[in-house]
Amino acid sequence: MKEQVQHYYGKVLQGNADLKTDACCTSGELPLHLREALSRVHPEVTARYYGCGLVVPAQLEGLAVLDLGSGSGQDCYVLSQLVGEHGSVVGVDMTPEQLAVAREHLDWHRERFGYAESNVRFVEGDIEHLDALGLAPGSFDLIVSNCVINLVEDKGAVLRATWDLLKGGGELYFSDVYADRRVPGALRSDPVLHGECLAGALYWNDFLRLAREAGFADPRLVEDRPLAVNDPQIRARLGNLRFWSATWRLFKLPALESACEDYGQAVRYRGGISGQEETFVLDKHHRIERGRLFPVCGNTWRMLHETRFAPYFDFFGDWETHYGLFTGCGDHLPFDTEATDDVGGGGCC
């Protein structure tokens, strides 16, 4: 299957116009600061971009970032600007043709960004075997991936490796494709469906199980959208399968509990995070307005108190009294659909 992926992304796809579905395309309006950063990326790099969502969380200045399946380097060059000259970005990809495009423009971007030295480097390798690439454990503040983990067979191995590579309080923030049920074996081996990010899509509940087994006790859904399959032949083969592009954030916080427990805690956002001055968005169910006291579960409290976001919040409460499960936790389909908008959350609240 690795050879099929390398062939599809290295030989078959020559640009994003060659895609047969919108699974590997980013939709929606980008925030102004990301539009500006993207406008400074070389056109050849953006033409070979196949991501399905945004992998740019807030507050990145000075961070060490790893991009899994970096492709032609678009996300790396956007992140390069946001982490600043004192931050760093490492991109890992196994497709030589994509890496050649990314590396060709290293100096072009360094000069464009006004850096004395490039803060980006690219490594050829398989993200299923990150331990073979010489990356130091506990050396990254943030790991991102954009519509790539679905392409690998052993997704659990990728999640376990990211846990090892992250610093304490760091996070895996990634977009990928998910299904509302397990994809049948006959479809999983199809090279076109695999290259279009559909055949390898995880059933969402299997993803949650694998993430928790890797150590990420409380995955948080940031955003999602239903995917359109416009090719009639592919649509007919998929039958009743439904797919979503979804962005999740997974924090390396060993003390997180398996459910969102209520300890009577709250936070107040003081502002100051670039791009989210008035409202801080932790995930799909936590939009925290500046200055407003906001009740949170114990896990959310830790995600803010024990990470890079702590300086921007006031924290209230302790762990002395447990009030049971936080109201609103759910365990059914976490994604929005076109027909209804009342489905429950993937994390809490």
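The values are calculated or read from the model by the stated rules, or taken from the named source; none is laboratory data. Given the structure is predicted, the values throughout are model-derived calculations rather than measurements. When we count neighbours, we look across all protein chains shown, and the Cβ atoms used for this are built from the backbone with ideal geometry, even at glycine. Note: areas computed on protein heavy atoms with side chains; ligands, DNA, RNA excluded. Shrake-Rupley method; radii C 1.70, N 1.55, O 1.52, S 1.80 Å.
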- Query: When the stretch 217-254 is examined, which residues are found to be out of contact with any Lys or Arg (no Cβ under 6 Å at 6 or more places or on another chain) and part of a loop (DSSP other than H, G, I, E, B)?
  - Reply: 217, 218, 219, 227, 228, 230, 239, 240, 241, 242, 252, 254
- Check on residue 258, part of a loop (DSSP other than H, G, I, E, B), open to solvent by 50 Å² or more (accessible area, probe 1.4 Å) and in contact (Cβ under 8 Å) with a residue 60 or more places away in the chain: no
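Could you run through the stretch 150-173 and say how many residues are at pLDDT 95 or above and assigned to a helix (DSSP H, G or I)?
Of the residues in the stretch 150-173, 11 are at pLDDT 95 or above and assigned to a helix (DSSP H, G or I).
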- Task: Please specify each residue of the stretch 129-145 satisfying the condition of being in contact (Cβ under 8 Å) with a residue 40 or more places away in the chain, in contact with a helix residue (DSSP H, G or I) (Cβ under 8 Å, 6 or more places away or on another chain) and either aromatic (Phe, Trp, Tyr) or open to solvent by 10 Å² or more (accessible area, probe 1.4 Å) (or both).
- Result: 135, 139, 140
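So, in the stretch 174-187, exactly how many residues are surrounded by fewer than 22 Cβ atoms within 10 Å (Cβ to Cβ), aliphatic (A, V, I, L, M) and outside any helix (DSSP H, G or I)?
Adding up the residues that qualify gives 1.
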- Query: Taking into account only those residues within the stretch 33-54 that are under 18 Å from the mean Cα position of the chain (by Cα) and modelled with pLDDT under 90, which is farthest from residue 220 (Cα to Cα)?
  - Reply: 49
- Item | Among the residues listed as 307, 327, 337, the single one being modelled with pLDDT under 95, assigned to a loop (DSSP other than H, G, I, E, B), surrounded by 13 or more Cβ atoms within 10 Å (Cβ to Cβ) and hydroxyl-bearing (Ser, Thr, Tyr) | 337
- Consider residue 273 against the criteria (1) part of a strand (DSSP E or B); (2) modelled with pLDDT of 95 or more; (3) not charged (D, E, K, R): it satisfies all of them except one. Which criterion is unmet? (1)
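Scan the stretch 43-63 for residues that are surrounded by fewer than 19 Cβ atoms within 10 Å (Cβ to Cβ) and not in a helix (DSSP H, G or I) and report the count. Before the answer, list the steps.
Taking the stretch 43-63 and keeping what is surrounded by fewer than 19 Cβ atoms within 10 Å (Cβ to Cβ), we get 43-44, 46-47, 58, 61-62.
Within this subset, residues satisfying the condition of being not in a helix (DSSP H, G or I) are 58, 61-62.
Number satisfying all stated conditions: 3.
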- Filter result for the condition that a residue is closer than 21 Å to residue 70 by Cβ, among the aliphatic types (A, V, I, L, M), surrounded by fewer than 21 Cβ atoms within 10 Å (Cβ to Cβ) and touching a residue at least 12 places away in the same chain (Cβ under 8 Å), over 201, 157: 157
